[in-house]
Amino acid sequence: MSVLELRDVVVRFGSGAHATTAVDHVDLVVDDRSVVGLVGESGSGKSTLARAVVGLAPLRSGEVLLDGQVIRSAGKRQDRAVRDRGALIQMVFQDPYSSLDPRMTVGDSIAEGIAAGRRLRDARRTVGGLLDLVRLNPDHEHLLPRQLSGGQRQRVALARALAADPEVLIADEITSALDVSVQGAVLNLLRDIKDETGVSVLFISHNLAVVRYLADHIAVMAGGSVVEFGDAVQVTEQPRNPYTRTLIAAVPTLLR
Ligand SMILES: Nc1ncnc2c1ncn2[C@@H]1O[C@H](COP(=O)(O)OP(=O)(O)OP(=O)(O)O)[C@@H](O)[C@H]1O
Ligand SMILES: [Mg+2]
């Protein structure tokens, strides 16, 4: 079981007249073994929501639950056991150039991820097995990030995240910084990984066509709120919210 649930989550930056509510009372569920796509225009709060889930942005109110257990809530320091459970949610970021340590070999980066997972359960993953999972060659183990292409780096970032044997993977615009020619391959890889590992995925993109390709359900975010949530086919073919319709109009050739 790996169900991620956000209950009434609020994230606010700054205070007084200069405060920005980046995430405004969001409820969202990513069911066991499912992919929820999160779409919305730039600045709608997608990354902030993701960062709040992994503890990189503080909750002003609300809570985040994993399999029914609260792992983050506003204003409370979690005890060690609960914090460790938080490592069962792993995130991969947009920019594979800055998310990997430039001085660490691919193998060492992935091994660090395995070590993080061992605290939680006997992660039987190996560097070789993870390279295989992300379709990289065993020879890549000894290379440094600068010796890899953008697409290969993103595969390493995925392997590192999967090394901890997560229950939930959050992918925030993971193909946006890549050349168009490799975007499809990384999306297919993510789909295979989901099938092979059973990990639940929160897949963030501003591109509704890409999200529709992967997601079972789609959540549409605007101004910090989720304005529409539903089955991926329903949201893209019979959107209820006018804002969703404008997003669809922005990708006419792929969806119609
Ligand atoms: N650390 C921060 N301090 C202050 N404001 C922030 C911070 N991070 C995000 N914001 C603000 O929160 C809002 C949501 O930003 P966020 O990065 O979550 O949007 P996004 O939907 O991920 O956009 P994009 O599609 O461009 O990645 C924006 O108004 C942004 O300026
Ligand atoms: Mg973002």
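Brief remarks follow.
- Computing Rg and the Kirkwood Rh from the Cα coordinates of the range 127-256 gives a ratio, Rg/Rh, of 1.02.
- Average accessible surface area per residue within the range 91-238, 1.4 Å rolling probe, Å²: 42 Å²
- Charge dipole (the chain, unit charges on Cβ, about Cα centre) - positive-most of 127, 215, 75: 75
- Cα gyration tensor, the range 1-146 - rounded (a/c under 1.5), prolate or oblate: prolate
- Förster radius 41 Å - calculated FRET efficiency between residue 115 and residue 20 (Cβ-Cβ, nearest 0.05): 0.65
- Heavy-atom accessible surface of the range 13-105: percent carbon and sulfur, 1.4 Å: 47 percent
- Residues whose amide H falls under 5 Å from that of residue 35, counting only those 5 or more places apart or on a different chain, are 201, 216, 217, with hydrogens built in the peptide plane.
- Taken one residue at a time, the phi angles of the range 16-27 give Karplus couplings (6.51, -1.76, 1.60, θ = phi - 60°) of x, 5, 9, 6, 10, 8, 7, 10, 10, 6, 9, 10 Hz. Gly and Pro are set to x.
- Surface share of carbon and sulfur [accessible, 1.4 angstrom probe, percent] for the range 141-256: 49 percent
- For the range 180-191, putting each phi into the Karplus relation 6.51 cos²θ - 1.76 cosθ + 1.60 with θ = phi - 60° gives couplings of 3, 5, 10, 4, x, 5, 5, 5, 4, 4, 4, 5 Hz, in residue order, rounded to whole numbers and with x for Gly and Pro.
- Residue-averaged [θ]222 nm for the chain, counting only DSSP H segments that reach four residues, each worth -39500 (n - 2.57): -10000 deg cm²/dmol
- Over the chain - Rg/Rh using Cα atoms and the Kirkwood inverse-distance radius: 0.96
- Stokes-Einstein diffusion of the range 50-101 at 20 °C, 1.002 mPa s viscosity, Kirkwood radius from Cα pairs, rounded to a whole number: 179 µm²/s.
- With N the number of residues in the range 35-76, Rg(Cα) / (2.2 N^0.38 Å) evaluates to 1.24.
- Size of electric dipole in the range 180-256: Cβ of Lys, Arg +1 and of Asp, Glu -1, about Cα centre, debye, nearest 20: 280 debye
The values are calculated or read from the model by the stated rules, or taken from the named source; none is laboratory data. As the structure is a computational prediction, the values presented were derived from the model and not from experiment. Quick reminder, even Gly has a Cβ in these numbers, built from the backbone with ideal geometry, and neighbours come from all protein chains shown. Side chains are part of the model used for accessible areas, which takes the heavy atoms of the whole protein and leaves out ligands, DNA and RNA. Shrake-Rupley method; radii C 1.70, N 1.55, O 1.52, S 1.80 Å.
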